[in-house]
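To start, the structure under review is shown below, and the notes come after it.
The values are calculated or read from the model by the stated rules, or taken from the named source; none is laboratory data. As the structure is a prediction and not an experimental result, all values here were calculated from the model. Cβ placement follows ideal geometry from the backbone for every residue including glycine, while neighbour counts extend to all protein chains displayed.
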Amino acid sequence: MNMRRNYYVLMLGLLLAFASCSFTTKTFSDPDKDKLLVQVITYVLERGHFDPKELNDDFSAQVYEAYIDRLDPLKRYFFKSDIDEFEKYKYDLDDQLKAYDISFFNLTYDRLMQRLKESREIYKDILEKPFDYTVNEDINLDYENLDFVKNKKEMRERWRKQLKYSAISNYYDLIEDKAHDNLESDFESTGEKAVLNSPVELEKKAREETKNSVDMFYNDYLDDLQRNDWFAVYVNAIVEEFDPHTFYFAPSDKDRFDQMISGKLEGIGARLQKRMDNTKVVELISGGPAWRDKELEVGDIILKVKQEDEQQPVNIVGMRLDDAIKLIKGPKGTKVTLTVKKVDGTQKDITLTRDIVEIEETYAKSSTVEKDGKMFGVINLPSFYVDFEDYKNRNAASDIKQEIKRLKKEGMEGLVLDLRNNGGGSLQTVVDIAGLFIEDGPVVQVRSTGEPKEVLKDTDKSIIWDGPLVILVNELSASASEILAAAMQDYKRAIIIGSKQTYGKGTVQNVIDLNRMVRNNQEGDLGALKLTTQKFYRINGGSTQLEGVKSDVVVPDRYSYVDVGEKDQENPLPWDKIDAVGYSVWSNYYDYDETITKSKERMDNNNQLKLIEENAKWVKQNMDVTTLSLNFDQYKSRMELNEQEAKRFDKISDYKTNLTFKSLPYEEEMFKKDTVLKEKRVRWHESLSQDVYIEEALNVLEDLKMQYSIKKVATIKD
């Protein structure tokens, strides 16, 4: 099978050919751009999506619920009477879509503009008066199950509690700063500095910070949003009902679309996701500022954003994700301070210097490590990258092959391939990497709706590494990572160590430029649609969708009880199974069952892992708390208790092994001229020496190596 053909068919938004041949039999025309967009998108979804949904009353109700939640996630704009009026359309949206009718959107948009205007007066009035932090009252943060207010009095009360919740956080921080003699105020009249001692002054300042933050949200972001931006919210409520990876890019998001195609990232190097009213970190880009700083983590929630040239941070709770991203992003060299709620429940300010993520740091890197007189290799693969213009120029497979050759030259006796946090990439590179470890055979099956399945195979009989192999995964190992881990597991070629299961993304997306769908388009830029078009399957027939890959040796980590997988997304495609393909299990001298049993025994008695699991349970416990006190003494007690509990888990980061990791000779030569690269590798080696999972992976390699030696000798004697 032609490699280039597979690459272009399966990987990239190369549905331009798909769009031009499959959809151009339809002629689109409508003088109303919004109606034209609905016409084009519904047509593409019905004919191009892997598992198109029927536009019926059930679909209509789901779109309705999702859309209202997007417009008012904190339920502080709409009244119950508004919702009653909107609900008349709850089961009519499917009919409106078929008729390209946008009257429901027009109604909600006009009403939202009215309520936003009213809300400005509400929050300004509330913040004119001091908050009483001695009152015993709570705030319910479970907005999903909160009712809409019935009248203006209830609306004001909801705003009051939400604003007080923001202000009490500021007040607590000011009190803490004061306790450390860090808080000073400039008095313009005298030019002198004085410490703010009065609780009244601190309360006022905390309130002012909250007001400044909300003001900026309204003035700098809501005011900039135009009608077409809100229409994009409506469109995405529709398309994301098909699955969580189908997404509409409005024309104003062109830079976001271009970034996805080019792979260039500028900012802090973190991927963010909207969860309820929160902006959550779901991935750190290897080599980026956040990755280098080590403070921001996956699972952290960003509460506030402060620019280096501004006095006050902006509260982004409840803000649209695109608007929050605009705040966080910025030119290279500028600084941004994020106030985050850590996964353990504590709050922290993290200052990062924005940068362009260096593409070099997304490439494979390797290290040697000596253990009990044996030399092992570790290869970290952040993504299954490829040169989109020329596959042969550089890709993950060719780089891995080169690193293995270099490690073998150093005397490597076993290999750890680290796929933790690897979100995927090119399917073709997966096939080629798998081929480095097996003689030949199928690697993955790919299926498109209405078409026969395609089996991607390794046809090169050469094997680059036939020795012991361990693959490390976690809950954030997704897509292409899962394909490789699944194939090596099915062949019994490697032992998989990691989380209970990987992410569970078993789908393939392509990007369609919607402007190509309309001949002689006179209505302006229509944007683009990222569309789920295929599903991939293991060679044993099972899908990795939802279920992911289950590790042979399950080890706890801090995300063990956090909802981060595909199964925790909205509207994921279901798990299913197709026929298996013929393949032969790896023939070797290893007893995998014995090795896995020994590893599990070590894991059960590992105090570091026990502490990590305790931490994971504590994190989950904190995340489940939805009712918080607005009484300062109680709020303070809770914060202090969290800080105290967090210290109990400091030992996790203090963990050390007696292992020393080294760069390969070719990198040592590069260090003479590239001190930045040297610093990066030193940091990586330090993290490896503190990594209990790497330590166990090496223990497993040692067991496999010992079995290999003993059984090979026994075979020769026989």
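Pairs meeting the criteria (first residue in the stretch 346-357 and closer than 14 Å to K306 by Cβ and assigned to a loop (DSSP other than H, G, I, E, B), second residue of a type in the set (A, V, I, L, M) and modelled with pLDDT under 90, beta carbons under 8 Å, at least 6 apart or on different chains) are R354/I268. The residue pairs whose first member lies in the stretch 63-77 and is on the phi > 0 side of the Ramachandran plot, whose second member is of a type outside the set (S, T, N, Q), and whose beta carbons are closer than 6 Å, counting only pairs six or more residues apart or on different chains, are K75/Y143; K75/L146; K75/F148. In this structure, is G542 closer than 30 Å to V63 by Cβ, surrounded by 14 or more Cβ atoms within 10 Å (Cβ to Cβ) and of a type in the set (G, A, S)? No. Of everything in the stretch 235-266 that is of a type in the set (G, A, S) and modelled with pLDDT under 80, the residue that is surrounded by the fewest Cβ atoms within 10 Å (Cβ to Cβ) is S262.
Might you check whether a residue that is under 19 Å from H49 (Cα atoms), hydroxyl-bearing (S, T, Y), within 30 Å of the chain's Cα centre (by Cα) and in a loop (DSSP other than H, G, I, E, B) occurs anywhere in the stretch 484-494? No.
Of the candidates V444, V518, V431, the single residue that is touching a Leu at 6+ places or on another chain (Cβ under 9 Å), under 19 Å from E566 (Cβ atoms) and of a type in the set (A, V, I, L, M) is V444.
For the stretch 332-341, a residue qualifies if it is touching a residue at least 60 places away in the same chain (Cβ under 8 Å) and in a loop (DSSP other than H, G, I, E, B), and exactly one does: K332. Under the condition of being under 24 Å from Q634 (Cβ atoms), out of contact with any helix residue (DSSP H, G or I) (no Cβ under 7 Å at 6 or more places or on another chain) and basic (K, R), the residues counted in the stretch 128-158 number 2. For the stretch 566-577, how many residues meet the condition of being surrounded by 15 or more Cβ atoms within 10 Å (Cβ to Cβ) and in a loop (DSSP other than H, G, I, E, B)? Final tally of qualifying residues: 5. Scanning the stretch 137-157 for residues that are assigned to a helix (DSSP H, G or I) and surrounded by fewer than 19 Cβ atoms within 10 Å (Cβ to Cβ) yields Y143, E144, N145, K152, K153, E154, R156, E157.
Does the stretch 495-515 hold any residues that are outside any helix (DSSP H, G or I) and out of contact with any strand residue (DSSP E or B) (no Cβ under 6 Å at 6 or more places or on another chain), and which are they?
Narrowing the stretch 495-515 to residues outside any helix (DSSP H, G or I): 495-513.
Listed by number, the residues that qualify are S499, Y503, G504, K505.
Inspection of the stretch 532-549 finds no residue satisfying the criterion of being outside any loop (DSSP other than H, G, I, E, B) and among the aliphatic types (A, V, I, L, M).
G377 satisfies every condition listed in (1) at pLDDT 95 or above; (2) in contact with a Phe, Trp or Tyr (Cβ under 7 Å, 6 or more places away or on another chain); (3) surrounded by 23 or more Cβ atoms within 10 Å (Cβ to Cβ) except (2).
Tell me which residues, restricted to the stretch 62-115, are within 17 Å of A237 (Cβ to Cβ) and of a type in the set (K, R). Correct list: R70, K75, K90, K98, R111.
Does T134 satisfy being loosely packed, with under 13 Cβ neighbours inside 10 Å, in contact (Cβ under 8 Å) with a residue 40 or more places away in the chain and either at positive phi or of a type outside the set (G, A, S) (or both)? Steps first, answer last, please.
Numbers: loosely packed, with under 13 Cβ neighbours inside 10 Å: yes; in contact (Cβ under 8 Å) with a residue 40 or more places away in the chain: yes; either at positive phi or of a type outside the set (G, A, S) (or both): yes.
Spelling it out, T134 is indeed loosely packed, with under 13 Cβ neighbours inside 10 Å, in contact (Cβ under 8 Å) with a residue 40 or more places away in the chain and either at positive phi or of a type outside the set (G, A, S) (or both).
Residues of the stretch 602-614 that are out of contact with any Asp or Glu (no Cβ under 7 Å at 6 or more places or on another chain) and surrounded by 13 or more Cβ atoms within 10 Å (Cβ to Cβ): N606, Q608, L609, K610, L611, E613, E614.
For the condition of a type in the set (A, V, I, L, M), closer than 27 Å to F661 by Cα and either in contact with a Pro (Cβ under 7 Å, 6 or more places away or on another chain) or not in a loop (DSSP other than H, G, I, E, B) (or both), what is the one hit in L436, L476, L472, L456? Break it down stepwise before answering.
On the way: L436 fails: either in contact with a Pro (Cβ under 7 Å, 6 or more places away or on another chain) or not in a loop (DSSP other than H, G, I, E, B) (or both); L476 fails: either in contact with a Pro (Cβ under 7 Å, 6 or more places away or on another chain) or not in a loop (DSSP other than H, G, I, E, B) (or both); L456 fails: closer than 27 Å to F661 by Cα.
Testing whether each residue is of a type in the set (A, V, I, L, M), closer than 27 Å to F661 by Cα and either in contact with a Pro (Cβ under 7 Å, 6 or more places away or on another chain) or not in a loop (DSSP other than H, G, I, E, B) (or both) leaves just L472.
Of all the criteria given as (1) closer than 24 Å to N278 by Cβ; (2) hydrophobic (A, V, I, L, M, F, W, C); (3) without any contact (Cβ under 8 Å) to a residue 60 or more places away in the chain, the one not satisfied by I83 is (3). Could you say whether any residue in the stretch 191-205 is at pLDDT below 85, among the charged types (D, E, K, R), over 22 Å from K75 (Cα atoms) and not in a helix (DSSP H, G or I)? Yes, the stretch 191-205 contains a residue that is at pLDDT below 85, among the charged types (D, E, K, R), over 22 Å from K75 (Cα atoms) and not in a helix (DSSP H, G or I).
For the stretch 53-86, how many residues are of a type outside the set (D, E, K, R), over 17 Å from E570 (Cβ atoms) and part of a loop (DSSP other than H, G, I, E, B)?
Here is the first cut: in the stretch 53-86, the residues of a type outside the set (D, E, K, R) are 55-56, 59-64, 66-68, 71, 73-74, 77-79, 81, 83, 86.
Adding the requirement that they be over 17 Å from E570 (Cβ atoms) leaves 55-56, 74, 77-79, 81, 83, 86.
Among the residues that remain, those that are also part of a loop (DSSP other than H, G, I, E, B) are: 55-56, 74, 77-78.
So the count comes out to 5.
When we screen N515, N510, N571 for residues that are without any contact (Cβ under 8 Å) to a residue 24 or more places away in the chain and either hydrophobic (A, V, I, L, M, F, W, C) or under 24 Å from H49 (Cα atoms) (or both), the only hit is N515.
The strands (runs of 3 or more DSSP E) falling completely within the stretch 364-430 that include 3 or more residues that are free of Cβ contacts under 8 Å to residues at least 60 places away in the same chain map to 374-380. For the stretch 609-718, the helices (runs of 4 or more DSSP H) that sit wholly inside it and include 3 or more residues that are modelled with pLDDT of 90 or more and under 30 Å from N140 (Cβ atoms) are 632-648.
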